[in-house]
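Trainee: Just passing along the structure, written as structure tokens.
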Amino acid sequence: MAALLATLCSLIFMLCSTTAQPSSGYSPTSKFRTVGFYQGFRNLWGAQHQRFDQNTLTIWLDSSSGSGFKSNTAFTSGYFGAAIKLHPGYTAGLSNNEEHPGNHDEIDIEFLGTTPGKPYTLQTNVYIRGSGDGRLIGREMKFHLWYDPTQNFHNYGMLWSPNEIIFFVDDIPIRRYPRKSDSTFPTRPMWVYGSIWDASSWATEDGKYKADYHYQPFVGRYTNFKLSGCRSDAGASCHAVSASPSASGGLSGQQYQAMQWAQNNYLVYDYCKDWKRDHSQTPECYSH
């Protein structure tokens with residue numbers, strides 16, 4: 001879930017970028033109300049590695065354990081997000097993910113560990129009935145960021161509607177995954193999760209660099225939680241939310257332009273363009 005450094009600009013992070021972050025013209029972060037952590041979530045594991053103080057949830061990983069949390073209810077669609085501040089320095093082999101799985105479907109935003117001098121990789125992923133037959137087929141797109149995610153909180157979100165999945169970074173849409181068929185789109189109820197854990201086997205340059213616990217603890221901080229959507233028990237009367245100016249969903253022209261900026265400058269891996277992959281397992285790539 002291994003990123004390739006596609007350009008020199010990617011290699012030296014944002015220093016050679018000549019374009020400033022554009023405005024997407026719309027702010028899902030402002031549109032959807034913030035929920036308190038205990039209003040929307042509960043601890044899932046590693047309670048001793050979790051602390052809530054001044055509206056901020058802090059979770060950490062050391063050699064004994066990581067930590068995770070889970071929403072109190074399942075959803076069938078919605079907008080989900082949080083402001084997150086990452087751990088600086090050596091974080092190789094870690095995955096700090098805000099994921100939304102259920103019954104082997106997942107929609108993921110993950111921050112893959114890094115080593116000094118190299119940028120974090122933000123990975124977006126979609127699994128559909130992922131491991132029901134023993135196989136796990138990822139649909140990864142990976143990005144470097146146009147800022148240092150360890151210095152301040154930044155907003156990360158995802159829209160899951162009946163027609164599309166859209167991933168956002170500070171209200172910039174970075175990826176849109178449309179529903180092209182029922183077999184390539186998650187439709188079953190899912191919960192919202194967040195966690196920090198040791199993913200040394202794959203997270204940093206395909207497992208080349210492992211978690212080094214001389215640098216522990218590894219800390220992730222969350223605030224400004226968003227949980228807006230249709231609960232699994234809401235029934236057919238609940239209408240899917242939109243993360244664009246149009247109530248019917250999709251992206252505006254300005255949002256599409258912002259997404260193109262992010263992909264042109266910061267996309268470092270696209271599963272549909274990976275010739276080593278068996279795309280018979282990801283048929284949506286044929287019309288990518």
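Trainee: Which sequence of D233, D108 reflects their accessible areas, 1.4 Å probe, from the largest down?
Mentor: D233, D108
Trainee: If I take R0 = 25 Å and measure r between the Cβ atoms of Q257 and Y286 in this structure, what FRET efficiency does the formula 1/(1 + (r/R0)^6) give, to the nearest 0.05?
Mentor: So, using R0 = 25 Å, E works out to roughly 0.45.
Trainee: Would you calculate the separation in nanometres between label points at R129 and K273, each defined as 7 Å from the Cα along the Cα-to-beta-carbon direction?
Mentor: In this crude spin-label approximation the distance works out to 3.0 nm.
Trainee: Please list 156-169, 41-54 highest first by mean number of surrounding beta-carbon atoms within 10 Å per residue.
Mentor: Listed from highest to lowest mean packing, they are 156-169, 41-54.
Trainee: To the nearest Å, what is the center-to-center distance of the range 19-57 and the range 140-185, using C-alpha atoms only?
Mentor: 15
Trainee: If I ignore ligands, DNA and RNA and count only protein heavy atoms, how much of M259 is accessible to a 1.4 Å probe, in Å² to the nearest 10?
Mentor: 20
Trainee: Note down the accessible area of H239, probe 1.4 Å, to the nearest 10 Å².
Mentor: 150
Trainee: Right, something else. How much length is gained on full extension from S23 to D62, taking 0.36 nm per residue of separation minus their Cα-Cα distance?
Mentor: Extra length from S23 to D62 when fully extended: 10.2 nm.
Trainee: Go through the range 45-53 residue by residue and turn each phi into a ³J(HN,Hα) via Karplus (6.51, -1.76, 1.60, θ = phi - 60°); whole Hz please, and just put x for glycine and proline.
Mentor: 7, x, 4, 6, 10, 9, 9, 10, 8
Trainee: While we're on this one: Using per-residue counts of other Cβ atoms within 10 Å, averaged over each peptide, order 70-78, 245-253 from highest down.
Mentor: Details: 70-78: 19.7, 245-253: 13.3.
So the order, starting with the most tightly packed, is 70-78, 245-253.
Trainee: Once you have the Cα-Cα distance between Y213 and L136, take 0.36 nm times their residue separation minus that, and quote the gain in nm to one decimal.
Mentor: Result: 24.8 nm gained on full extension.
Trainee: Compute, for C285, the solvent-accessible surface of its heavy atoms (probe 1.4 Å) with the complete set of protein chains present, and express it in square angstrom to the nearest 10.
Mentor: 20
Trainee: Here's another thing I want to ask about it. With the crude spin-label approximation of a point 7 Å out along Cα→Cβ, what separation in nm comes out for S246 versus R51?
Mentor: Distance between label points: 4.7 nm.
Trainee: With r defined as the distance between the Cβ atoms of R42 and H239 and R0 fixed at 41 Å, what FRET efficiency is calculated, to the nearest 0.05? It would help to have the intermediate numbers written out before the result.
Mentor: Working: r = 27 Å, r/R0 = 0.66.
Plugging the Cβ-Cβ distance into 1/(1 + (r/R0)^6) gives 0.90.
Trainee: I would also like to ask the following. Label V35 and T150 with points 7 Å out from Cα along Cα→Cβ: what is the distance between them in nm?
Mentor: Those two pseudo-labels are separated by 3.2 nm.
The values are calculated or read from the model by the stated rules, or taken from the named source; none is laboratory data. What you are looking at is a predicted structure, and each value in this text was computed from that prediction instead of being measured. Positions of Cβ are backbone-derived with ideal geometry, glycine not excepted, and every protein chain shown enters the neighbour counts. The area values use the complete protein model at the heavy-atom level, side chains included, leaving out ligands, DNA and RNA. Shrake-Rupley method; radii C 1.70, N 1.55, O 1.52, S 1.80 Å.
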